[in-house]
1. Only one of Glu68, Glu80, Glu93 is farther than 26 Å from Thr231 by Cβ and out of contact with any His (no Cβ under 8 Å at 6 or more places or on another chain); which?
2. Working carefully through the options Gly50, Gly55, find the one that is over 16 Å from Met270 (Cβ atoms), in contact (Cβ under 8 Å) with a residue 12 or more places away in the chain and not in a loop (DSSP other than H, G, I, E, B).
3. Could you go through the range 335-357 and let me know if any residue there is of a type in the set (Phe, Trp, Tyr), within 17 Å of the chain's Cα centre (by Cα) and in the same structural domain as Tyr239 (by TED's automatic domain parsing).
4. When you go through (1) in contact with a Ser or Thr (Cβ under 9 Å, 6 or more places away or on another chain); (2) surrounded by fewer than 22 Cβ atoms within 10 Å (Cβ to Cβ); (3) over 26 Å from Ser358 (Cα atoms) one by one for Gln242, which number turns out not to apply?
5. Given (1) over 19 Å from Gly223 (Cα atoms); (2) surrounded by fewer than 24 Cβ atoms within 10 Å (Cβ to Cβ), identify the lone condition not met by Ser164.
6. What's the number of the condition Tyr136 fails, among (1) part of a helix (DSSP H, G or I); (2) surrounded by fewer than 23 Cβ atoms within 10 Å (Cβ to Cβ); (3) under 22 Å from the mean Cα position of the chain (by Cα)?
7. Show the residue pairs that are 6+ apart or on different chains and have beta-carbon atoms under 6 Å apart, the first residue being within the range 274-301 and without any contact (Cβ under 8 Å) to a residue 60 or more places away in the chain, the second being assigned to a helix (DSSP H, G or I) and hydroxyl-bearing (Ser, Thr, Tyr).
Amino acid sequence: MAFKKIKWLSAALALTMTLTLTACSGGGDDSSSNSSDTSEGEQTAPHKVGYIFRGDADDDGFTAQMCEQRKRASNRSSMETCYIENVSLSDFEKAVDTLANAGCTDIIACSQTYANVVGATAKKYLDINFISMGSYNSSVNVNPYAEKMYQGAYVAGFVAEFNSKTSRIGVVADPSLPDHIAVVNAVKIGSSLNPDGGATVYAATAKRNDEIEDAIDALTAKGCDVIVCYTNSNHSAEYCQQKNIAFIGCLDYSDNADEYSNMLMYFYSMRDSYFLAEFKSMKMGTHEVSDYIGDMSNGVVNVSPALEKAKDGSQKLIETLVPYITNGSAEVFQGPLRDSGGNVKYLETEIMTDAEVSAMNWFVQGVEAVGDFIQPQPDQQTNNFEIRD
């Protein structure tokens, strides 16, 4: 299928690609968080915020970076925070009870995995305000928070196709991360902005490090010469580096990108701006239940500049595409959209809603599923519900 996203956008990008074949990229993309200090205001009531993490906050991955963003926002706002890590879905309510007994007035559920249980649990703790990450369901004391990480994947697909010699891109995705199917589809749609019609995208799901290795091996066996990582663990990047495979990361490598000579670029989330704003409204007594979506326009979702491994011209592509996404001119999931079987899902004039994107359970045409490499494991247990700060 040829994705006719936005004709004027495709034409502009095609012109950019033509120019980049004869000129090297220049400049950098300053993709920093939009956090800013504001006046504290007068604190009207004490608040203590508890975080519930699905993963290990000491591991070098998605949960660890979220925990670091928690600390940055806490330090800037003087908000007292704490957390419990490695909380299974079945133990979520027990973790809430533990934090409530420790004096937490606000609780942030930091995984899309918890989205379906937050509402029922919150009804039992009406004196606590909840933030449910990866959710679109609000209630009297539940604030939904979602991210458009697929916007970063859209750029990643464009750059991956430009750098691929085989026009085969692999995506290793952790289904516990927000909107992993939308991320895979966005890689394909982004690759289709290239004049040649885009790459075939192969998708594999994995969580644990051994599963990630098996998934990447299967993707490279399909001829994929660029891997887009969308995993909680940093091991996907480590393994691509070890196997000398070009890849695009999904974590914030601002401080150590030079350690990954095979990385083309990376896309990532900077939630500390959101946490900081929430903390300050709590302290000022102005906090209200509201929906929030982090994306490129508000600085939550970011993409890095092209790195040294990327082909000359990659940076120019990033600089051309990102402004269209940021100002809302480029919608990732705009029709016509067909599924992998060729069936029409959305017409040319239709744009998928945020909730529809999040609920997506089908691959767009041009994506092939390599397999699910997740092996059955006992539900992960918490570390005796230890509260850490």
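The values are calculated or read from the model by the stated rules, or taken from the named source; none is laboratory data. Bear in mind that the values here come from a model prediction, so they are computed numbers and not experimental data. FYI the Cβ positions are ideal-geometry reconstructions off the backbone, even for glycines, and counts take in every protein chain you see.
1. Exactly one residue qualifies, and that residue is Glu93.
2. Of the residues listed, the single one that is over 16 Å from Met270 (Cβ atoms), in contact (Cβ under 8 Å) with a residue 12 or more places away in the chain and not in a loop (DSSP other than H, G, I, E, B) is Gly50.
3. No, the range 335-357 has no match at all.
4. The failed condition is (1).
5. Answer for Ser164: the failing condition is (1).
6. Of everything listed in (1) part of a helix (DSSP H, G or I); (2) surrounded by fewer than 23 Cβ atoms within 10 Å (Cβ to Cβ); (3) under 22 Å from the mean Cα position of the chain (by Cα), Tyr136 misses just condition (1).
7. Cβ pairs passing all conditions: Ser297/Thr326.
Quick grid of which residues meet (1) surrounded by 23 or more Cβ atoms within 10 Å (Cβ to Cβ); (2) modelled with pLDDT of 95 or more; (3) basic (Lys, Arg):
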| residue | (1), (2), (3) |
| --- | --- |
| Tyr274 | yes, no, no |
| Gly285 | no, no, no |
| Asp291 | no, no, no |
| Val300 | yes, yes, no |
